[in-house]
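Just dropping this structure here.
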């Protein structure tokens, strides 16, 4: 049961939730951890792994304590909660896989692992195929909706990793089992679904990472096939997989247009990445030793945004990750954390080689049969995900599957612990899972609040947001989302929303003073409430945090104009116009303020 729950967690989501992807996946994974805790151990993670985990955690805690808001840094922020919410779940996934699929695991348990991955691949593939027809799991107007994972690139990464593992398993079975056997049909269906998922995502990073992973699997297949005298059959499997990949690419136009840069969005993505990385390097230069904490990127990067960034993506876009895992590691914990991660990577490679050698020996026995192919595929899966993260960022879904594969590869012979410690561990995990489940429930009232605010039902929205904040009192994002929702309603003419916009705006600004989205909502609410001076003062502080944002300059100009400071208003709108000379809205505002101030056009 634990095996199935662990892999099912990757596809879990909460219908009707505002952010349905993070907490439900974490909750189900922790249920699998609890089930694994009471299951017989077949392996464990090496002690060295835990030393690396402790070192990384120590650096992140130290980095968080140097920030203005240590609690929010430690817990993590919306939408991915890269802190105590997400990172321990990834570690727990590795622990679960090591316990369930270690050297002492039975052949039957490994069969369950393959069946669970096959079912996951088939499910993701079916949902991806339906989404190509316009059907959506959740409401979305995006061209690449993301299936059960919420993000198209995540969808591609998981599909790529599953394809590598299942191809490795199939290659190991095909020499000794007829192709009509159910032991082949299940993994083959899963691999086909994984390929469809990969290609339907349109992710070039995932596709190229998958090709690298399949090359590594092919090398292992050649070596192992020669040792077993089954090279020809194994190469047939790889050829069939390559053919399926090519046919699927040709069948889905979106993948071809993105792969060859014909899609405008794909071309823009390449340009955006170059800007993001250059600006992130400047941020790292100013925070070299400890970084800015695990959840401080979205608040710190606006100071480094150039006019080119706003010209490329437009105003109002919040960048919450550098889209490169090494840069994200360095911004989160500085060079200290980067050193720990790179040292872990070197150790992981060495440990993987040792595990493969042990698996080759163990695979000759009946008890060890099948482990080698699972380890080979899992190692390729780890590499696939790592490569894809070089242009993306870890999320709950990709972090869980990454942890599971790491655990499979690193697992060593288990050791027993005292019964009392086992009981305490199980109780602790159960409490953890329950807390995560309760945190998940906050997504429902949040969604209700957003919808009610948009529907001019401010009292209902306030009750819903208050309920969500009660469930997650540490989460400053709830107040920020509430403030933005009420301010948008007030701006659209709902006068009843204005008091709530002010109240939630003040609360959000106090909880996350550097959250520009929350501060802008409060500044707008103040201006609508007849306090343009307070609005202008808040916007002046915001402009210091994002000096090249033309929309903030324009908003500042409006507030200064309302406060009667014509000279300052004119200076701000001129600055906004110089930052975005092609913006029609800013041009119109520029002309109006110049005319009102009596300046010549």
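Going by the structure shown, is residue 190 in a loop (DSSP other than H, G, I, E, B), in contact with a helix residue (DSSP H, G or I) (Cβ under 9 Å, 6 or more places away or on another chain), surrounded by 21 or more Cβ atoms within 10 Å (Cβ to Cβ) and modelled with pLDDT of 90 or more?
no
Give the residues of the range 526-548 that are touching a residue at least 24 places away in the same chain (Cβ under 8 Å) and more than 32 Å from the chain's Cα centre (by Cα), sorted by residue number.
Across the range 526-548, the qualifying residues are 526, 527, 528, 529, 532, 533, 535, 536.
Scan (1) within 28 Å of residue 20 (Cα to Cα); (2) surrounded by fewer than 22 Cβ atoms within 10 Å (Cβ to Cβ); (3) over 21 Å from the mean Cα position of the chain (by Cα); (4) modelled with pLDDT of 90 or more for the single condition residue 54 breaks and write down its number.
(1)
Hey, does the range 272-293 have a residue that's within 22 Å of residue 406 (Cβ to Cβ) and in contact (Cβ under 8 Å) with a residue 60 or more places away in the chain?
no
(1) under 19 Å from residue 376 (Cβ atoms); (2) crowded, with 24+ Cβ neighbours inside 10 Å; (3) modelled with pLDDT under 85: which one isn't true of residue 118, the others all being true?
Tallying (1) under 19 Å from residue 376 (Cβ atoms); (2) crowded, with 24+ Cβ neighbours inside 10 Å; (3) modelled with pLDDT under 85, residue 118 fails exactly one: (3).
Sticking with this structure for a sec: Quick one: would you say residue 515 is buried (at least 18 other Cβ atoms within 10 Å of the Cβ) and within 34 Å of the chain's Cα centre (by Cα)?
Yes: the conditions hold for residue 515.
Can you pull out every residue in the range 545-567 that is out of contact with any helix residue (DSSP H, G or I) (no Cβ under 6 Å at 6 or more places or on another chain), closer than 19 Å to residue 595 by Cβ and not in a helix (DSSP H, G or I)?
Across the range 545-567, the qualifying residues are 564, 565.
Determine whether the range 299-321 contains at least one residue that is touching a residue at least 60 places away in the same chain (Cβ under 8 Å), in contact with a helix residue (DSSP H, G or I) (Cβ under 9 Å, 6 or more places away or on another chain) and farther than 20 Å from residue 543 by Cα.
yes
Just checking, does the range 231-238 include any residue being more than 21 Å from residue 374 (Cβ to Cβ), surrounded by fewer than 24 Cβ atoms within 10 Å (Cβ to Cβ) and at pLDDT below 65?
Within the range 231-238, one or more residues are more than 21 Å from residue 374 (Cβ to Cβ), surrounded by fewer than 24 Cβ atoms within 10 Å (Cβ to Cβ) and at pLDDT below 65.
Got a sec? Which of 67, 48 is touching a residue at least 24 places away in the same chain (Cβ under 8 Å) and closer than 21 Å to residue 297 by Cα?
67
The values are calculated or read from the model by the stated rules, or taken from the named source; none is laboratory data. From a predicted model like this one, the values you see are computed outputs, not experimental measurements. Here Cβ is always computed from backbone atoms with ideal geometry, including for glycine, and neighbour counts include all displayed protein chains.
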